[in-house]
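Here is the structure we will look at.
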Amino acid sequence: MKPFAESCEQNRDPILAVLREVFADRRRVLEIASGTGQHAVYFGQALPHLNWQTSEMAVNHEGIRAWLDEACLSNVLPPLAIDVNQDNWPVTGVDAVFNANTVHIVSWPAVESMFAGIASALEPGGILCLYGPFNHGGNFTSESNARFDVWLKSRDPDSGVRDFEAVNDLAESHGMVLLRDVAMPANNRTLVWRKRDAG
């Protein structure tokens, strides 16, 4: 049986609207933490010019493969084994990276490791697109995000809704420049950075 996440069904079209623009001239996308595989199949089908590389921890590969096997999309690739905490990722030279709903789930050191991995995988001029809830100026942007943060911390004290400024500073430390901060439904954001050209 394929795994299923209701949130993927709810957020896929708003995210796709952003990806159509920011990935229009991209070719090779690495999706970090592909989860169930639903996003990969949906975006890969809608954006056939992209070579979409899924990735996840090995324990989740079977579910992703179930979605990929059913969809039979030649441009969506089987998952690579990537844990955001690992030092050496098995992929380089991608011109885009996509991730949804990870930075608030993992610890801050894991977020730092994830950005280091992104920086090593993403070629100069590459685009990073990150979706999820973010605080601004240290404040929650909605009561629902504040409640979500309480729930996150109840299951893992090291998790929580991150401050946009902290995440942007982290991206900048890896040579990335913010291009867009797009308001999304359900009090989420899509953040888009471009990695500076070499030299």
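The values are calculated or read from the model by the stated rules, or taken from the named source; none is laboratory data. As the structure is a prediction and not an experimental result, all values here were calculated from the model. Cβ coordinates were reconstructed from backbone atoms using ideal geometry, including for glycine residues, and neighbour counts include every protein chain displayed.
What pairs come out if I take residues in the stretch 87-101 that are more than 13 Å from residue 52 (Cβ to Cβ) and part of a loop (DSSP other than H, G, I, E, B) and pair them with residues that are of a type in the set (A, V, I, L, M) and modelled with pLDDT of 95 or more whose C-beta lies under 6 Å away, six or more apart or interchain?
89/82; 89/121; 90/80; 92/121
Restricting to the stretch 1-12, give me the number of residues that are assigned to a helix (DSSP H, G or I) and over 15 Å from the mean Cα position of the chain (by Cα).
3
For the list (1) β-branched (Val, Ile, Thr); (2) closer than 19 Å to residue 127 by Cβ; (3) not in a loop (DSSP other than H, G, I, E, B), I need the number of the one condition that residue 64 fails.
Here residue 64 clears every test but (2).
From the list 166, 96, exactly one residue is within 16 Å of the chain's Cα centre (by Cα) and modelled with pLDDT of 95 or more. Which is it?
After ruling out the rest, the residue left standing is 96.
Within the stretch 56-70, take every residue that is of a type in the set (Gly, Ala, Ser) and surrounded by 15 or more Cβ atoms within 10 Å (Cβ to Cβ) and give me the one that is farthest from residue 89 (Cα to Cα).
Looking at residues that are of a type in the set (Gly, Ala, Ser) and surrounded by 15 or more Cβ atoms within 10 Å (Cβ to Cβ), I get 66.
Residues are listed down the side, and each one gets a yes or a no for (1) surrounded by 14 or more Cβ atoms within 10 Å (Cβ to Cβ); (2) out of contact with any Lys or Arg (no Cβ under 9 Å at 6 or more places or on another chain):
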{"residue": "120", "(1), (2)": "no, yes"}
{"residue": "128", "(1), (2)": "yes, no"}
{"residue": "133", "(1), (2)": "yes, no"}
{"residue": "145", "(1), (2)": "yes, yes"}
{"residue": "164", "(1), (2)": "yes, no"}
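With the structure loaded, tell me whether residue 16 is at pLDDT 95 or above and surrounded by 18 or more Cβ atoms within 10 Å (Cβ to Cβ) or whether it fails that test.
The answer is no for residue 16.
Got a sec? Which of 45, 53 is polar (S, T, N, Q), modelled with pLDDT of 95 or more, crowded, with 22+ Cβ neighbours inside 10 Å and not in a loop (DSSP other than H, G, I, E, B)?
53
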